[in-house]
Amino acid sequence: MAIVDCLSSCHEELRTWRHDLHAHPEIAFEEHLTSAFVAEKLQSFGLQVHRGLAKTGVVGTLQVGTSERAIGLRSDMDALNMVELNEFQHRSAIPGKMHACGHDGHMTMLLGAARCLAQTRSFDGTVHFIFQPAEENEAGARVMVEQGLFERFPVHAVFSLHNMPGFEVGSFATRVGPLMAAADFFFITVRGMGSHAATPHVSVDPIPVAAEIVLALQSIVSRNLDPLDSAVISVTQINGGSTTNVIPDKVKMAGTVRTFQSSVQSRIEHRIREIAQNIAAAHEASAEVHYDRRYPPLVNHPAETDMALSAASDISGSEFVQGDVAPIMGAEDFSWMLQARPGNCIWLGSGKGDPSVHTPKYDFNDDILPIGASYWVRLVERFLTRNG
Ligand SMILES: [Zn+2]
Ligand SMILES: [Zn+2]
């Protein structure tokens, strides 16, 4: 590993920051202590600090030299509504909240890079360090973009990095084009007519109707889509009834759809409505479908991905950098920033045997803190190169 000099000496300090953030997780748009922590650090490094975009967002600006070129580097800040099952000292001190996606580590790496670059000033241009709220479910990136992120802080390109358990420590992986899927939510309410459970003939029982809908939805991917197109439809919630001897009057269901192409997304939305409504009608019930398009697919741009791969190779060597990794059906709201500006999202391997993100025993691997921070530094030096 070719760790940048100013980062190899401060690994312990980065670990301390990361543990502090890990112990104090805050969820979407409530990242008040977190953004104060970030803003205070950026200020102490001598950056110009702007707060309040998307409520708790923070942008730190570092300008060096005379070049007009500018780059945006983005970290997420939010935690999850989860109970942490780790026992170590820096475990969550906030009941029911947990940094289970490693955003504590992402913030620490970007802060480390900010301090390093403020010291070395080894570039020519402007770096905007973007700390974004509410990556999980609430699309904080979209809110920042809608509130004028790139008008107030213009950049030629924007980059992000996410830790990835299951990939070798210090390895990097990304690809040109779609890396992560679009994520939509759907909600179906099946309405029938309740009755005593012993007199089903006077009811319109919504439970078998809901069951038929769940099974029929499985046929969309297998029968309605081109086999070479990727998609996921998962029904993740079913709620109906309150006791054993009453037929309820409604059943509520919810789930998620993952796709890469808008034509596939539209086809699925259309089929979910048709299947739910027509199965319900066939049983004298009705179905109301609410379909919510949440995150667009995350699509990396070619030139920026090349630059990200070069910076990653500078740190880990090209044998640990994969430029054609397979896309995944998970989603990431950085996609909104990539719809507004060209850029790249790269994954940084955090260990083959590590628990996956979003699980109660996950913890960000501190070993990769200086690696990710060094990546940011080299990326800035390459993008805002002094000789033009
Ligand atoms: Zn996550
Ligand atoms: Zn995440």
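The values are calculated or read from the model by the stated rules, or taken from the named source; none is laboratory data. The structure presented is a predicted model; accordingly, all values stated were derived computationally and were not measured. No Cβ is skipped: glycine too gets one built from the backbone with ideal geometry, and neighbour counts run over all protein chains shown.
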Legend entry - Scan of region 175-206 for residues that are over 19 Å from residue 281 (Cβ atoms) and in a strand (DSSP E or B), ordered by number: 175, 177, 178, 179, 180, 182, 183, 184, 185, 195, 196
Inset, instruction - Answer yes if at least one residue in region 169-191 is within 16 Å of ligand 2 (Cβ to nearest atom) and not hydrophobic (A, V, I, L, M, F, W, C), and no otherwise. - result: yes
Legend entry - Scan of region 352-365 for residues that are surrounded by 18 or more Cβ atoms within 10 Å (Cβ to Cβ) and closer than 23 Å to residue 12 by Cα, ordered by number: 354, 362, 363, 364, 365
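Test residue 321 against the criterion of being under 23 Å from residue 129 (Cβ atoms), at pLDDT 95 or above and buried (at least 16 other Cβ atoms within 10 Å of the Cβ), and give yes or no. Before you say what the answer is, go through the steps one by one.
Working: under 23 Å from residue 129 (Cβ atoms): no; at pLDDT 95 or above: yes; buried (at least 16 other Cβ atoms within 10 Å of the Cβ): yes.
Here the answer is no, as residue 321 does not meet what is asked.
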Legend entry - Given (1) within 16 Å of ligand 1 (Cβ to nearest atom); (2) part of a helix (DSSP H, G or I); (3) among the charged types (D, E, K, R), index of the condition residue 151 fails: (1)
Legend entry - Where a residue in region 271-288 is in the same structural domain as residue 200 (by TED's automatic domain parsing) and surrounded by fewer than 15 Cβ atoms within 10 Å (Cβ to Cβ) and its partner, wherever it lies, is modelled with pLDDT of 95 or more and not polar (S, T, N, Q), with Cβ under 7 Å and at least six apart: 284/204
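Return yes or no: is residue 143 in a helix (DSSP H, G or I) and not basic (Lys, Arg)?
Yes: the conditions hold for residue 143.
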Inset, instruction - Examine region 130-139 for a residue that is surrounded by fewer than 22 Cβ atoms within 10 Å (Cβ to Cβ), touching a residue at least 40 places away in the same chain (Cβ under 8 Å) and away from ligand 2 (no atom under 16 Å from the Cβ), and state whether such a residue exists. - result: no
Legend entry - Options 268, 346, 272; residue that is in contact with a helix residue (DSSP H, G or I) (Cβ under 8 Å, 6 or more places away or on another chain), within 21 Å of residue 1 (Cβ to Cβ) and either part of a strand (DSSP E or B) or modelled with pLDDT of 95 or more (or both): 346
